[in-house]
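Beneath this line is the structure, given in structure tokens, with notes to follow.
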Amino acid sequence: MKNMIYRLGIYIIGVISVSLGIVLCVKCELGVSPISSIPYVLGYLTPLTFGTLTMLFHFCNSMIQYILEKS
């Protein structure tokens, strides 16, 4: 159980780091990668921020991958 909590903490820190890097690339006008284009567009259509949507998008992708690997 302790190992799972540690791994979950590392995962959350990683998702936040990746999201921060993507948001900084957009703010510096370096462009958006194809995987970040979905949260980028949703950021204009919803009241959620681009960073929040990026974290949610990566989390959803990870959960889908987990479900597919289990079956």
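Miscellaneous remarks
- Were the residues from Met4 through Val18 laid out at 0.36 nm apart, the gain over their Cα-Cα distance would be 2.9 nm.
- Where the chain is the region considered: accessible area per residue in Å², 1.4 Å probe: 81
- Sequence-separation-based contact order of the chain, relative, with Cα cut under 8 Å and 6+ spacing, percent: 27
- Apportionment of accessible area to carbon and sulfur, the chain, percent (1.4 Å): 74
- Extension gain (nm, one decimal) between Ser62 and Cys28, 0.36 nm per residue minus Cα-Cα: 9.5 nm
- Subtracting the Cα-Cα distance of Leu48 and Tyr11 from 0.36 nm times their residue separation leaves 11.1 nm of extension gain.
- Using θ = phi - 60° and Karplus 6.51 cos²θ - 1.76 cosθ + 1.60, couplings along segment 7-22 (whole Hz; Gly, Pro as x): 5, 5, x, 5, 4, 5, 4, x, 5, 5, 5, 5, 5, 4, x, 5
The values are calculated or read from the model by the stated rules, or taken from the named source; none is laboratory data. Bear in mind the structure is a predicted one, so any value in this text is a computation, not a measurement. Just so you know, the surface numbers come from the protein's heavy atoms only, side chains and all, with ligands and any DNA or RNA stripped out. Shrake-Rupley method; radii C 1.70, N 1.55, O 1.52, S 1.80 Å.
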